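Readers should treat all values here as calculations from the given coordinates under stated rules, not as data from a laboratory. All values derive from a computational prediction rather than experimental measurement. In this analysis, Cβ positions are derived from the backbone assuming ideal geometry, glycine residues included, and neighbour counts consider all displayed protein chains.
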Amino acid sequence: MILLDTNVLLRLYVGFGAGIASAATRRIDQANARGQVAVSPLSFFEVGVLNQKKRLPTEIDVAQLWLSASANGIKEAPIAIQAGIRAASLHEEGFPTSDPIDRLLVATALSEGWELATIDRAILTWKGPLQTLDARP
């Protein structure tokens, strides 16, 4: 299963940013054809916060974003207690950022044994046990 981080979700479904790497797009498309791509509810919360802070080029309808993703077969990832516990201790594993959404997405991927599709350099260069899909263009 591939978990999309918020940036990858926005690049795929809204077209924000420089897109994602073609190899990553192929992997995501192949996994999605098998029903193996998920997104966390946390990403939709993060988009809502970014809307409120005016940190996106245009405001995004969060409900419409989910409708678009789910209509294309994207699954809803769980928000599990185990992921919350793991997120709280990531600093002990040298995780390089204190961003709570990043930590919870990483912890979700770790707890579920999933790969995280991301463009975030800090996550991609972390030496922890996370499987990542580098989606940087």
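Per the helix-only calculation at 222 nm, which mean residue ellipticity applies to the chain, given -39500 (n - 2.57) for every DSSP H run of n ≥ 4 and division by its residues, nearest 500 deg cm²/dmol? Intermediate results must be reported in sequence, preceding the final value.
Working: 7 runs with 69 residues, N = 137.
The helix-only estimate for the chain comes to -14500 deg cm²/dmol at 222 nm.
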Shape call, the chain: gyration tensor on alpha carbons, a/c limit 1.5: rounded
- prompt: Which distance in nm do the two modelled labels at SER70 and SER98 give, with both placed 7 Å along the Cα-to-Cβ direction?
  reply: 3.5 nm
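Multiplying the sequence separation of GLN30 and SER89 by 0.36 nm and subtracting their Cα-Cα distance, what value in nm do you get?
18.0 nm
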- line: Subtracting the Cα-Cα distance of ARG136 and GLU59 from 0.36 nm times their residue separation yields 25.4 nm
field: For the chain, built as a Gaussian network whose Cα springs stay under 10 Å, the top-fluctuating residue of ALA107, ALA71, ALA38
entry: ALA71
task: Please give, to one decimal in nm, the separation of the simple spin-label points placed at SER22 and LYS127, each 7 Å out from Cα toward the Cβ.
output: 3.5 nm
